[in-house]
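Peer 1: Structure provided below as structure tokens; questions to follow.
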Amino acid sequence: MKSNTHIRRRNITNEASAKIQSSVKSSIKTKKRKLLPSSGTTNGTNNNRYVVELVYLRNTLVSIILVLLLTGISIMYYENSPFRRFFQLDKKKDSRGGDTSKLQHEVLHPQVPEWNMSDPLLQRVHDFLTNYVCTARGAYCHPLLYPVPQRRTHRAAETSSNHSIKSNDLVMILPRNLLIWDLDAMRDTWIRDNLFLARHDITGNALDSGAFLAAFLVRIKLLGLGIWKGGNDGLGALYDNEQKIMEFLNILPSYHEMQDEMSTHSHPVVWNEEELYSFFGKLTPSFRLLKGYRNMIHSEYLAFCKTSAEFKQYVTEKEYTAMRLNVISRSFGPGPPSREEEKNGIFGTNSLMEELQLYKKEAGVDLTKGSRAMSPILDMWDHHAKPNVEWKYDNLQRAFIIRAIDRIPPMQDIMVSYGKYTDTHLFAKFGFVNGDGSGYTEASIAIMHPLLDIGMGQQFTYLVDFRNGTKITTDYDYEAQKRALVNYLRYDDGYDYCVTKENNPKGYRLKILKLRHLQKIANDYDRWTFRIAPRNERSKPSMSSEIPISTKVPQFDSRSIKFDGSKIISTCRLIALTEGDFDGKAIEKLEKELVNQNLFIEKQTDQLELRALAVLSRLTTGALHLYPSNTQSDISALSFSSLKFGSKEWTATQVRLGEMLSLEVVRSIASSGVKQMRNRVQQSIPASHSSLNIRNRKCPEDSTLKLLKEVSYSLR
């Protein structure tokens with residue numbers, strides 16, 4: 001819909017035009033009166049008429065020029081004008097890669113083919129890479145994009161004149177008509193009529209928009225294959241180009257390929273669970289995240305089957321899982337739908353915002369926070385933290401615009417960035433890591449309890465998601481978590497003895513309050529998990545993704561470690577509190593803060609800081625014991641090439657090592673801090689002072705488990 005501002009702009013232009021024409025007419029009349037002969041005069045009549053006609057013609061031309069000038073200014077100012085779009089698009093053309101026909105003529109092809117040209121699958125991939133986008137309406141490909149079907153990607157071509165893709169060259173335009181958005185899925189009549197009411201069974205939470213996109217795509221594919229018996233009503237413009245869409249869907253990896261450990265599409269979410277446990281152990285970030293993706297996809301499938309007998313009849317769980325993983329690993333974010341996506345009358349709505357509100361109300365999907373789009377070709381290029389091209393969705397052009405960041409030399413693979421993921425999340429979501437230390441690493445100190453918020457954002461959580469934005473545990477998880485959380489309080493650091501209700505009523509009261517606050521932060525991901533900056537921020541991708549970037553195992557440099565530990569040390573301060581902290585008012589402090597959902601404890605005394613660092617050292621040590629390996633053996637395995645590059649063993653070892661090295665780094669910092677604090681504090685108080693006491697063994701279980709009865713269920 002066009003705003004009143006745009007209407008006013010057109011009115012201004014019309015008014016200006018009318019004034020000019022009125023002025024011109026008035027001027028002409030004046031000239032006529034001056035030039036026409038007086039009554040009774042007959043000489044020179046023809047000459048006077050000729051002069052009048054010239055003046056009239058001149059002023060008419062001036063008026064036309066002025067009107068066109070004002071109209072042009074208005075058109076260029078009107079941001080959605082097709083004229084402005086033309087000029088902007090024309091400007092983009094100027095930065096394209098030179099003379100297309102000349103460059104393509106100079107491309108050199110290997111004398112010996114790099115791939116088996118008789119393989120029908122590779123031939124299909126080659127045709128897809130060559131034609132799907134590059135020959136499509138509204139699309140553009142740089143003439144030096146060279147298909148590499150055996151690795152399903154592009155590289156910069158070799159040429160007889162040694163040309164390269166230049167910095168800021170336009171590499172590709174991927175237009176909206178080739179994209180399949182979650183918005184398209186939500187607009188599908190069948191999806192709305194049959195799947196909008198689907199909810200996760202355990203929590204009752206709404207499904208992520210990616211689930212609806214996966215269901216939409218798998219239905220299109222099964223309809224195209226003739227497996228799903230039924231009409232294609234509701235597929236609209238997408239289904240009008242069935243052959244094009246089927247070409248894209250058929251190129252996506254299948255469940256079998258994802259499960260095959262020898263395949264380049266092997267994905268850890270579908271690996272055997274016992275195998276995952278042998279790689280990562282339990283309660284580690286990688287295992288938790290992979291299990292979370294598995295549970296999410298399984299829960300989505302059951303929810304769709306529950307709401308639609310037709311979906312259950314035609315779609316197997318393996319088919320849905322494969323398509324869902326393709327959406328997870330291959331969709332890109334164009335941002336929230338803009339007004340260029342507006343289509344009046346969708347489900348009876350009158351505006352895009354009204355349409356989006358309908359999806360939020362009926363399906364629980366909020367696309368105003370962002371959309372995702374299946375993006376052919378763009379999704380096939382590999383990832384690196386230092387890519388050679390960058391992508392951005394242009395709402396005005398309705399296309400992904402991909403440009404070269406730096407010069408891309410011949411034979412260099414095209415590399416994009418999928419985002420700033422830790423290696424743990426990169427592995428769980430996309431199924432690979434680069435192994436060069438270019439990615440962030442993460443680790444967790446939640447060794448006593450399972451986190452129910454596992455870092456998947458709005459996609460999935462084990463917490464019950466209320467409409468007001470708050471999240472709580474289910475009844476079962478609440479009790480189970482409470483029994484686990486109490487174990488953090490079994491060391492009673494800062495006391496000469498284990499605290500019980502009988503020997504220290506105030507200390508026991510404080511433990512109850514600490515347990516209640518631990519419950520409040522138990523599922524705050526950032527209070528238990530930390531990220532560390534890349535071990536090798538300067539690393540760049542190799543010429544090809546099949547070539548290891550580095551044979552040296554990346555490790556941290558203790559002199560340049562970057563991470564924010566403020567939230568995890570606050571958690572450790574809470575665990576280490578004694579009633580003497582906060583100037584003897586620790587109990588009052590925690591009681592007052594019970595209304596606070598997320599208590600953050602700042603640095604207090606050196607004694608508390610010493611105990612908090614000791615807690616951090618203890619928890620990181622415990623976290624290291626959760627893994628089925630250690631850093632020395634993993635470094636040795638990777639250093640001596642006993643693991644094949646890119647294999648599931650190599651990939652899992654890289655991820656596991658990154659997490660363990662992160663824990664060792666933080667443990668080293670904590671242990672060093674304990675020593676420094678102890679030396680400082682002992683200058684003012686005796687070494688035997690109870691506030692400096694760090695317990696090496698847990699207190700008896702009975703005394704601590706009594707806390708569970710004290711913490712009422714109603715207090716959560």
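The values are calculated or read from the model by the stated rules, or taken from the named source; none is laboratory data. Since we're looking at a predicted model, the values are computed, not measured. For neighbour counting, all protein chains shown are included, and Cβ atoms are generated from backbone atoms with ideal geometry for every residue, glycine included. Surface areas here come from the heavy atoms of the whole protein model, side chains and all, with no ligands, DNA or RNA. Shrake-Rupley method; radii C 1.70, N 1.55, O 1.52, S 1.80 Å.
Peer 1: I need the full set of residues from the range 174-205 which are assigned to a strand (DSSP E or B) and surrounded by fewer than 22 Cβ atoms within 10 Å (Cβ to Cβ), in order please.
Peer 2: PRO175, ARG199
Peer 1: Among the residues of the range 357-392, which ones are part of a helix (DSSP H, G or I) and either among the hydroxyl-bearing types (Ser, Thr, Tyr) or under 24 Å from ILE245 (Cβ atoms) (or both)?
Peer 2: Hits for the range 357-392 are TYR359, ALA363, LEU367, THR368, LEU378, ASP379, MET380.
Peer 1: Go through the range 112-137 and report how many residues are surrounded by 11 or more Cβ atoms within 10 Å (Cβ to Cβ) and in a helix (DSSP H, G or I).
Peer 2: Matching residues across the range 112-137 total 10.
Peer 1: Within the range 138-173, can you find the residues that are more than 20 Å from ILE251 (Cα to Cα), in contact with a helix residue (DSSP H, G or I) (Cβ under 7 Å, 6 or more places away or on another chain) and surrounded by fewer than 22 Cβ atoms within 10 Å (Cβ to Cβ)?
Peer 2: Listed by number, the residues that qualify are GLY138, THR159, SER160, SER161, HIS163, LEU170.
Peer 1: Separate question: With the condition kept exactly as written, say whether any residue in the range 316-333 is in a helix (DSSP H, G or I), open to solvent by 60 Å² or more (accessible area, probe 1.4 Å) and free of Cβ contacts under 8 Å to residues at least 40 places away in the same chain.
Peer 2: yes
Peer 1: Still on this structure, please answer the following. Could you list, in sequence order, the residues of the range 497-518 that are part of a helix (DSSP H, G or I) and open to solvent by less than 30 Å² (accessible area, probe 1.4 Å)?
Peer 2: Result: GLY507, TYR508, LEU510, LYS511, ILE512, LEU513, LYS514, LEU515, HIS517, LEU518.
Peer 1: Mind counting the residues in the range 499-537 that are in contact (Cβ under 8 Å) with a residue 24 or more places away in the chain and either among the basic types (Lys, Arg) or touching a Phe, Trp or Tyr at 6+ places or on another chain (Cβ under 9 Å) (or both)?
Peer 2: Matching residues across the range 499-537 total 23.
Peer 1: Further question: Kindly establish whether GLY419 is in a loop (DSSP other than H, G, I, E, B), free of Cβ contacts under 8 Å to residues at least 12 places away in the same chain, open to solvent by 10 Å² or more (accessible area, probe 1.4 Å) and out of contact with any Cys (no Cβ under 7 Å at 6 or more places or on another chain).
Peer 2: yes
Peer 1: Name the single residue, out of those in the range 265-281 being over 18 Å from THR653 (Cβ atoms) and modelled with pLDDT under 95, that is least open to solvent (accessible area, probe 1.4 Å).
Peer 2: Per the stated criteria, the residue is HIS265.
Peer 1: Among the residues that make up the range 389-407, is at least one of them touching a residue at least 24 places away in the same chain (Cβ under 8 Å) and under 21 Å from PRO554 (Cα atoms)?
Peer 2: No - not one qualifying residue is present in the range 389-407.
Peer 1: May I ask you to list pairs of residues, at least six apart or on different chains, whose Cβ atoms are under 6 Å apart, with the first in the range 571-587 being open to solvent by 40 Å² or more (accessible area, probe 1.4 Å) and the second being among the aliphatic types (A, V, I, L, M)?
Peer 2: GLU579/LEU510; GLU579/ALA586; GLU579/ILE587
Peer 1: Take the residues in the range 588-600 that are at pLDDT below 95 and either open to solvent by less than 30 Å² (accessible area, probe 1.4 Å) or of a type in the set (Val, Ile, Thr) (or both), then tell me which one is nearest to PRO686 (Cα to Cα).
Peer 2: So, considering only residues that are at pLDDT below 95 and either open to solvent by less than 30 Å² (accessible area, probe 1.4 Å) or of a type in the set (Val, Ile, Thr) (or both), the one nearest to PRO686 (Cα to Cα) is LEU599.
Peer 1: Quick check on my filter: what residues within the range 473-492 are polar (S, T, N, Q) and either open to solvent by less than 10 Å² (accessible area, probe 1.4 Å) or assigned to a helix (DSSP H, G or I) (or both)?
Peer 2: GLN481, ASN487
Peer 1: Now, a different point. Determine the pairs where a residue that is touching a residue at least 60 places away in the same chain (Cβ under 8 Å), located within the range 112-125, has a partner that is basic (Lys, Arg) and surrounded by 12 or more Cβ atoms within 10 Å (Cβ to Cβ) with Cβ atoms under 9 Å apart, the partner being 6 or more residues away or on another chain.
Peer 2: VAL125/ARG152
Peer 1: Name the residue that is surrounded by the fewest Cβ atoms within 10 Å (Cβ to Cβ), counting only residues in the range 522-559 that are among the hydrophobic types (A, V, I, L, M, F, W, C) and over 22 Å from ARG667 (Cα atoms).
Peer 2: Per the criteria, the residue is ILE547.
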